[in-house]
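The values are calculated or read from the model by the stated rules, or taken from the named source; none is laboratory data. Note that the structure is a prediction, hence the values are computed from the model and not measured. Cβ coordinates were reconstructed from backbone atoms using ideal geometry, including for glycine residues, and neighbour counts include every protein chain displayed. For accessibility, only protein heavy atoms count, side chains too; no ligands or nucleic acids. Shrake-Rupley method; radii C 1.70, N 1.55, O 1.52, S 1.80 Å.
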Amino acid sequence: ENKKTIFISGDMSFSYDIGALGINYIPKNLKIIVINNHGGGIFRFIKTTKDLSQREHYFSCQPNLPLRELCEAYNYQYYYANDENSLKNCICDFLSSDMFSILEIETPEEESAIILNNYMNRKI
């Protein structure tokens, strides 16, 4: 059986967990998707911080997350998408790879905050 284990994380959250990439045993079937929205997107729409002039500097804290370089250093597969077409072009290779792989999906920071806000405020 060729099952995959997929973990999805935001860029800020993943930056806290980078040390885990160096452990001796990472299963080859592990796939990580990192949504790179350039930091703490939640701070871009919550009432207390969305209009602060220093929001990006003190709250969103855009992490310097060199995923491509980290994958090269650890000999992991790296995939990147920043729009629908690039995601369509790499998703099959990402999912079918026999190596531990990371897919970075870069999203526009302000637009991501609007989408997340709309999602959180949906009526179910």
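Worth pointing out:
- Of residues in region 1-21 being part of a strand (DSSP E or B) and out of contact with any Lys or Arg (no Cβ under 8 Å at 6 or more places or on another chain), the one most open to solvent (accessible area, probe 1.4 Å): Ile8
- Some residue of region 100-114 being surrounded by fewer than 16 Cβ atoms within 10 Å (Cβ to Cβ), within 23 Å of Lys4 (Cα to Cα) and modelled with pLDDT of 90 or more: no
- Hits in region 49-86 (condition: hydroxyl-bearing (Ser, Thr, Tyr), open to solvent by 80 Å² or more (accessible area, probe 1.4 Å) and at pLDDT below 80): Tyr58
- In region 38-48, the residues that are closer than 24 Å to Gly19 by Cβ and either at pLDDT 80 or above or not hydrophobic (A, V, I, L, M, F, W, C) (or both): His38, Gly39, Gly40, Gly41
- Near pairs, Cβ below 6 angstrom, 6+ apart or cross-chain, from region 85-107 (in a helix (DSSP H, G or I)) to any residue that is surrounded by 15 or more Cβ atoms within 10 Å (Cβ to Cβ): Leu87/Ala81; Cys90/Tyr79; Cys90/Ala81; Phe94/Tyr79; Phe94/Ser101; Phe94/Leu103
- Residue among Asn29, Asn24 that alone is open to solvent by 90 Å² or more (accessible area, probe 1.4 Å) and polar (S, T, N, Q): Asn24
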